[in-house]
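First the structure, in the form of structure tokens, and then the observations on it.
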Amino acid sequence: MTYASPTTINASKGLGEILIYTNEVTSGWISNLILLAVYVIIIVGYYKARDDFAGGLAVGGFGVFVVALLFWLGGFVSGITLGFAIGLALIGVIVILIDNKNN
């Protein structure tokens, strides 16, 4: 399968055009990896700032859900990926509720 040349991208339309091209070339993996990177960065940043891993899971899950929802509306990720993002958000909420119950 041949793809369009990167020089055919109209970058004056914004970074969305570059994301569309790279997502097409990588068969959707670049958007999934961006979501994974956002999740890990938020968890590690929150954990380092507050020393609270359960809170980091909740904040990371919600942050990834918001970004995944925007990506889904833009057509960058599939519904399955959005389902995983919803699952991460639910896992974060469940972990924080269980953690607060023990305190």
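Values quoted throughout were computed directly from the atomic coordinates according to the rules given, and no laboratory measurement underlies them. All figures in this text were calculated on a predicted structure; none of them were measured in a lab.
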- What relative contact order, as a whole-number percentage, does region 28-102 give when Cα pairs under 8 Å and 6 or more residues apart are counted? 34
- Compare Gly92, Gly56, Gly83 in a GNM of the chain, Cα atoms joined below 10 Å, and give the one with the largest fluctuation. Gly83
- Task: Can you tell me the 0 to 90 degree angle between the C-alpha axis of helix 29-50 and the longest principal axis of the chain, rounded to 10?
- Result: 30
- Message: To check my understanding: the extent here is largest minus smallest coordinate of the Cα atoms along each principal axis. What are those three numbers for the chain, in Å, largest first?
- Response: 57, 27, 21
- Query: Which three extents, in whole angstrom, do the alpha-carbon atoms of region 43-103 cover along their principal axes, largest first?
  - Reply: 41, 22, 11
- Query: Where is the GNM fluctuation largest for the chain (alpha-carbon springs, 10 angstrom cutoff): Leu57, Leu35, Leu15?
  - Reply: Leu15
- Item | Folded to 0 to 90 degrees: helix 53-74 orientation relative to the chain principal axis, Cα | 30
- Note on the structure: Taking Cα atoms, the helix 79-102 axis meets the longest principal axis of the chain at an angle in degrees (rounded to 10) of 20
- Task: Could you check which residue among Ser12, Ser31, Ser78 shows the biggest mean-square fluctuation in a GNM of the chain with a 10 Å Cα cutoff?
- Result: Ser12
